[in-house]
Structures are given as C-alpha cells and as structure tokens.
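J.: Handing you this structure, nothing more for now.
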Amino acid sequence: PSPAVVHFDLDEPLAVLPAIVGNPLFGIVPRESVDAVPPSPPFASQPVGSGPFSIQTRTDSELRLVPAAGVKASLKAIDVFLAKDAASAYSDFLRGGVDWAEAPTDQVEPVPSDKGSDQFRPYAAELFYGFNLKNPKFADQRFREAIDHAVDRDAIVRVVYGASAIPSSGLVAQGIPSAQPDPCGDVCRFDPAKAKDLLRQAFGDKPPPGIKLDYDDDPTQQAVAEAMQANLKAVGITAGLRPHSFGDYLKFTLSGDQELFRLAWIGSYPTPDAFLTSLYQSGTSENITGFSSPPVDALLKQGRAERDEAKRTAAYQQAEKQIVSQVPVVPIAQFQIHAVTTRRVRNLTLSVFGTFDASLVRLSG
C-alpha cells in the first residue's frame with residue numbers, strides 16, 4: 001500500500017463513506033504532529049490539517065490563518081476573533097472591527113446598509129418532539145397524528161426563535177443535497193379540526209390520555225413546551241410539563257420513561273443518511289423513539305449500498321416519506337445561521353454546517 005493512501009475495511013456496503021470522511025472531525029492528520037513533543041507545539045494548540053489555510057499564530061482570543069503551502073488564495077490572512085457571545089461579535093461588526101459576524105438571535109432589524117448585508121443560511125440542526133413508541137399510550141397512530149396536527153410550529157418558531165429558525169415539516173435538513181421540501185405534507189399540517197376528528201376516531205366519547213412533555217429546563221425550551229401545551233389543550237389533550245436538568249436530560253431520554261420528549265439532532269455529513277439511519281433504523285443506539293419498520297430498514301440499507309446517486313437519493317426520499325407517515329416525531333424547527341458581512345467581502349458562502357471555503361473568498365475595494 002502507498003503511504004499516501006488510507007485504506008478502509010468495511011463490514012457492509014457504505015456508499016456515503018466519502019461524505020462521512022469529508023467531515024473535518026474525521027480529518028486525516030500526520031501522526032508526527034499528534035505525537036509531537038516540545039519544543040514542537042502540541043497538536044491541540046497548533047493542529048495540522050489538510051485544508052487551504054493553516055494556523056500561523058494563536059492566542060486565547062485570536063487566531064491568524066494563512067494560506068497553506070501550495071495553496072493559491074486571494075486572501076493573505078484571516079484573523080479570527082473569539083468573541084464571548086454573538087452580541088459582542090455583532091457590536092464589533094457595527095464598529096467596523098470585523099468583516100463577518102453571527103447576529104444575535106434577538107436581532108430582528110436588518111443591519112444598516114452602510115455597514116453591510118444580512119445572510120440567512122440553513123443549518124443542519126433540527127428540533128423535534130419524539131414519541132416514546134414503547135409507551136402504550138402512543139400505540140394508536142391516530143393519537144400521534146392528532147398531536148402533530150395540533151401543534152402550530154409556525155407560531156412556535158415565530159414567537160420563540162424568530163429569525164434563528166424556520167418551521168420544519170421533514171426529517172432531512174433543508175440545504176442538504178436532495179432534501180425534500182415538504183415530505184411530511186398533510187400529516188404535519190396545523191389543523192386543530194383534523195386533530196379533534198382523529199381523537200374522536202381513536203377514543204370515541206372518552207377523553208384522550210394525558211401526556212407529559214419532557215424537555216431540558218432552559219428558558220427557550222420552556223417556552224416551546226408551554227406553547228405546545230396550549231396547542232394540545234385547545235384540541236382536548238392534557239399535557240403536563242416535565243422539565244429536567246440539562247445534565248440529566250440525555251440520560252433520562254434513554255431511560256424509557258420519557259413520553260413526548262424534546263429531540264435535537266445535528267447531521268454530521270451532507271447526505272440524507274446522516275438524518276435518517278441513526279435515528280430511525282431499527283435497533284441503533286440513537287433511535288430513542290423506538291421506531292421500527294422493516295420496509296424502512298430495507299430502504300435505508302439499500303441507500304447505503306447503492307452506488308448510483310439517483311437511485312440512492314430515491315431510496316432515502318422514499319424512506320423519509322414512510323417514516324413521517326408513521327409519525328414517530330413531531331417536526332418543529334430547523335435552525336439557520338443569521339450572519340452579517342461587510343460589502344467588501346466576496347464569495348464567502350456558508351455551507352449547511354456553517355463552514356466556508358476560505359480559498360474562494362476575496363476582498364473588493
């Protein structure tokens with residue numbers, strides 16, 4: 001084998017492997033840098049990667065990046081200032097201290113035109129509420145559909161998240177190649193009348209069972225849960241709020257005692273597989289709703305094995321539609337990046353993961 005070639009041995013076909021190893025977390029780095037001893041700088045403070053820029057200097061509050069050896073880039077350097085929060089970064093931008101900054105979530109008004117322009121880009125992070133499908137009270141799909149129809153995700157996103165999120169009606173994040181615009185369709189449509197009709201079909205004249213909304217106890221999630229509680233009450237479903245400390249929440253969601261629970265997900269590579277297989281394939285450790293469907297498993301396996309991109313896309317899209325039709329989760333929101341950029345910056349285009357190709361960026365004027 002060549003010393004410049006990395007070999008992978010797989011137990012099963014994995015057509016999405018190139019996308020997976022494209023994640024910087026799986027970057028291939030020189031062993032001698034990782035094992036460096038003084039006077040060589042430690043890898044954690046002076047990492048060596050394969051990107052177009054490398055770290056020239058680093059302090060607790062600033063990085064200077066310069067083009068890596070052999071890279072032709074318009075920029076001679078990029079200075080990265082580590083602000084304490086988005087509000088501080090935005091203030092630095094307005095003062096003219098930086099060319100790009102993330103806007104704080106409460107920044108509703110557009111940036112003054114003489115300062116630059118706003119950018120909104122979808123981010124591969126999503127918010128759902130998941131059903132514990134092993135809990136008997138959620139066994140009737142009509143009950144789950146009623147809950148889905150009762151939730152006004154548009155209002156929740158508008159009031160709670162503002163410009164930092166968009167309503168979601170699917171599982172694969174927008175911005176991912178081959179993401180479908182509305183795979184959930186009518187199942188996720190806000191329709192209180194339909195919700196009430198489904199409850200009558202499922203329970204007749206009896207009241208539906210009361211449920212618990214489980215979430216981590218931060219103010220934003222409290223606001224989301226309270227809004228959902230009000231939505232459910234409007235159609236006749238009693239929902240109790242059950243917040244959990246952040247430190248205990250993940251453990252709780254794995255306990256089996258969760259009911260309708262907050263479920264957040266960030267895809268780690270830009271294919272539908274990153275949003276479907278881990279969460280919805282039978283028996284995976286991340287499948288904490290307990291969803292299981294042999295036809296869906298077969299489609300996910302087909303997608304992973306299929307080399308033809310069009311056929312692979314079709315398998316994943318069909319799998320997503322089948323999953324949402326069985327209502328294992330209530331999609332709420334997909335987050336987005338709101339950033340501001342000075343007018344002299346050109347070709348700084350954020351990916352769905354918040355990264356950009358610095359070798360393409362240039363300055364005008």
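No lab work stands behind these numbers, since they all come straight from the coordinates. Since this is a predicted model, take the numbers as computed values, not measurements. Ideal geometry is used to build each Cβ from the backbone, glycine not excepted, and the neighbour counts take in all protein chains shown.
J.: Grab the alpha carbons of region 157-254, take their convex hull, and tell me the volume per residue in Å³.
T.: 145
J.: So, by mean Cβ neighbours within 10 angstrom, what's the order for 200-207, 165-172, 146-153 with the highest one leading?
T.: 146-153, 165-172, 200-207
J.: Same structure again: May I ask you to order 85-93, 283-291 by the average number of other C-beta atoms within 10 Å around their residues, highest value first?
T.: Packing order, densest peptide first, comes out as 85-93, 283-291.
J.: Give Lys194/Lys251; Lys137/Lys321; Lys134/Lys233; Lys194/Lys321 a once-over and call out the pairs whose C-alpha atoms are over 32 Å from each other.
T.: Where the Cα-Cα span goes over 32 Å, the pairs concerned are Lys194/Lys251.
J.: Also, quick follow-up: Which value, in debye to the nearest 20, describes the size of the charge dipole of region 87-218 about its Cα centre when Lys and Arg Cβ atoms bear +1, Asp and Glu Cβ atoms bear -1, and nothing else is charged?
T.: 660
J.: If you stretched the chain out fully between Lys76 and Ser268, how much longer would it get, using 0.36 nm times the residue separation minus the C-alpha to C-alpha distance?
T.: Length difference between fully extended and current span is 66.1 nm.
J.: Please give, to one decimal in nm, the separation of the simple spin-label points placed at Phe8 and Lys206, each 7 Å out from Cα toward the Cβ.
T.: Once both label points are built, they end up 5.0 nm from each other.
J.: What is the local net charge at Val296, summed over the other residues whose Cβ is closer than 12 Å to its Cβ (Lys, Arg +1; Asp, Glu -1)?
T.: After counting each charged neighbour, the total is 0.
J.: Sorted by packing (mean other beta-carbon atoms within 10 Å per residue), highest first, where do 219-229, 312-322 land?
T.: 312-322, 219-229
J.: Treat the chain as a sphere of radius equal to its Kirkwood radius over Cα pairs and apply Stokes-Einstein at 25 °C in a medium of 0.890 mPa s; give the translational diffusion coefficient in µm²/s, rounded to a whole number.
T.: 106
J.: Under a point-charge model restricted to the Cβ atoms of Lys and Arg (+1) and Asp and Glu (-1), what is the dipole moment magnitude of the chain relative to its Cα centre, in debye to the nearest 20?
T.: 480
J.: Just to check, using Stokes-Einstein with a Kirkwood Rh over alpha carbon pairs, what's the diffusion coefficient of region 19-75 at 37 °C and 0.692 mPa s in µm²/s?
T.: 257
J.: Which translational diffusion coefficient, to the nearest whole µm²/s, is obtained for region 13-127 from the Stokes-Einstein equation, given a Kirkwood hydrodynamic radius over C-alpha pairs, 10 °C and 1.306 mPa s?
T.: For the chosen part, D equals 91 µm²/s.
J.: Also, quick follow-up: Sort out for me the Cα centre separation of region 251-285 from region 304-365, rounded to whole Å.
T.: 19
J.: In Å, what Kirkwood hydrodynamic radius results for region 122-336 from the alpha-carbon pair distances?
T.: Kirkwood radius, region 122-336: 17.4 Å.
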